[in-house]
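The values are calculated or read from the model by the stated rules, or taken from the named source; none is laboratory data. Quick caveat, the model's predicted, so the values are computed rather than measured. Quick reminder, even Gly has a Cβ in these numbers, built from the backbone with ideal geometry, and neighbours come from all protein chains shown. The protein model used for the area step is the full one, side chains on, heavy atoms only, and it has no ligands, DNA or RNA in it. Shrake-Rupley method; radii C 1.70, N 1.55, O 1.52, S 1.80 Å.
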Amino acid sequence: MATNHRANVGFIGLGIMGRPMAENLIKAGYRLFLKSRRAVPADLIAAGGIECHSAREVAERAEIVITMLPDTPQVAEVLFGADGVVEGLTEAKIVIDMSSIDPITTKDFARRINERGCDYLDAPVSGGEVGARAGSLSIMVGGPQGAFDTAKPLFEAMGRNITRVGGNGDGQTTKVANQIVVALTIEAVAEALVFASKAGADPARVREALMGGFAASRILEVHGERMVKRSFEPGFRIDLHRKDLNLALQGARALGVALPNTATAQELFNTCAAQGGGQWDHSAMVRALELMAGHVIAARG
């Protein structure tokens, strides 16, 4: 089944990430069948999206079904619950889960979809709301090569760095690894700026100087600026990153692997959540370090 700009695509989950991803697919010429926990946004309908009343209806009307949901239980419910995707599948369709969920459970989901004569791809993303809107997400894919080749034009409408890592579950494993790196880098940037600010230096200028050296990173650039400007409206919520690190720590226990710094980052996120910050952007991890330091960083006037 070759995709083209006339392909019927289902998209379930139109939150912070899903909504702009669906919008980019519509802009790319795909006919989208949409389902969300809340009403489908009016602008997506105006752009040509078609609202469906159940996940089953989405699967019945689409050749490829994409899910973008908060966590493993929500994906399970949408795929296999009452009026779920699996009830609307016919042979040779493709299910693509772009959520960030448990890699081990993902393999079971793939097996159950395969039993219906359909392919399954796990294709979690990185890049946050900014990347979703810009169509510049990194997409990490696990699943068969043929299904990946079929779906690649859709991925190219939503992202730029698109990699098939391996078989089912490998995409989710890669995303967990990504979230470890991101969390630990946020923690490093936050520590550095708290240290510099409490020592009396202007954290904005410190960040600018660091951007020209070996410490430069995308997180120092974007999230370092958020920390200095105190801009913590969520691009990616702390609660979602806590979920991802929980997957990492659960997996580490199952594999007999120690992830000591991941555990520390998780405790810092937990501290933010205990202060009512579960909905803050994950760059707000700095607030936990500020609490311990008794000092809030701020650019000098």
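Quick check for me: using +1 on Lys/Arg Cβ and -1 on Asp/Glu Cβ, what's the dipole size of the chain about its Cα centre, in debye to the nearest 20? Could you put the intermediate results ahead of the total?
Details: 32 positive and 33 negative charges, 99 e Å.
The dipole magnitude comes to about 480 debye.
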Exercise. Mind telling me which of L247, L32, L210 comes out most flexible in a GNM of the chain, alpha-carbon contacts under 10 Å?
Key: L210
Practice problem: Could you list the square roots of 5 times each eigenvalue of the Cα gyration tensor of the range 76-203, that is, the equivalent ellipsoid semi-axes, sorted largest first and rounded to whole Å? | Solution: 36, 15, 13
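Measure up K93/K175; K175/K198; K198/K243; K93/K243 against 28 Å on the Cα-Cα distance and list the ones that go over. Walk me through the numbers before you get to the answer.
Numbers: K93/K175 24 Å; K175/K198 34 Å; K198/K243 31 Å; K93/K243 30 Å.
Going by Cα-Cα distance, K175/K198; K198/K243; K93/K243 fall outside the 28 Å limit.
State the three equivalent ellipsoid semi-axes of the range 31-126, derived from the C-alpha gyration tensor as the square roots of 5 times its eigenvalues, in descending order and whole Å.
21, 15, 12
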Quiz prompt | Farthest toward positive dipole pole in the chain [+1 Lys/Arg, -1 Asp/Glu at C-beta], among F269, L154, M227 | solution = M227
Quiz prompt | Shape metrics for the range 136-266, restricted to C-alpha atoms - Rg then Dmax, Å | solution = 17.6, 57
Exercise. Identify which of R242, R253, R160 has the largest mean-square fluctuation in a Gaussian network model of the chain, with springs joining Cα atoms closer than 10 Å.
Key: R253
Quiz prompt | Coarse-grained scattering of the range 197-283 at q = 0.12 Å⁻¹, given as base-10 log I(q)/I(0) from a Debye sum over alpha-carbon atoms | solution = -0.47
Exercise. Taking the Cα centre of the range 102-199 as origin, work out the dipole magnitude from +1 charges on Lys and Arg Cβ and -1 charges on Asp and Glu Cβ, in debye rounded to 20.
Key: 100 debye
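Counting only heavy atoms of protein chains, what accessible area per residue, in Å², does the range 52-124 have with a probe of 1.4 Å? Could you put the intermediate results ahead of the total?
Details: 2800 Å² over 73 residues.
Result: 38 Å² per residue.
Taking Cα atoms of the chain, Rg/Rh with Kirkwood Rh, to two decimals? Walk me through the numbers on the way to the answer.
On the way: Rg = 20.3 Å, Rh = 20.1 Å.
Taking Rh as the inverse mean 1/r over Cα pairs, Rg/Rh reads 1.01.
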Quiz item: Of G13, G131, G256, which is the most mobile in a GNM of the chain whose springs link Cα atoms less than 10 angstrom apart?
Solution: G256
Practice problem: Sum -39500 (n - 2.57) across every DSSP H segment of at least 4 residues in the chain, then divide by the residue count to get the 222 nm mean residue ellipticity, nearest 500. | Solution: -16000 deg cm²/dmol
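First compute the accessible area of the chain with a 1.4 Å probe, then give the percent of it belonging to carbon and sulfur atoms.
Details: 6940 of 13430 Å².
Heavy-atom surface of the chain belonging to carbon and sulfur, 1.4 Å probe: 52 percent.
Which three numbers, in whole Å and largest first, are the semi-axes of the equivalent ellipsoid of the range 126-188 derived from its Cα gyration tensor as √(5λ)?
Working: eigenvalues 97, 53, 7 Å².
The three semi-axes for the range 126-188 are 22, 16, 6 Å.
Arrange the peptides 121-130, 270-279, 39-48, 145-154 so that the one whose residues have, on average, the most other Cβ atoms within 10 Å appears first. All intermediate terms of the calculation are to be shown ahead of the outcome.
On the way: 121-130: 23.1, 270-279: 15.6, 39-48: 13.3, 145-154: 17.8.
Ranked by mean Cβ neighbours within 10 Å, highest first: 121-130, 145-154, 270-279, 39-48.
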Quiz item: What is the distance, in nm, between label points placed 7 Å from the Cα along the Cα-to-Cβ direction at A199 and at N114?
Solution: 5.4 nm
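In Å², what does the accessible area per residue of the range 143-301 work out to with a 1.4 Å probe?
Values: 7610 Å² over 159 residues.
Per residue, the range 143-301 has an accessible area of 48 Å².
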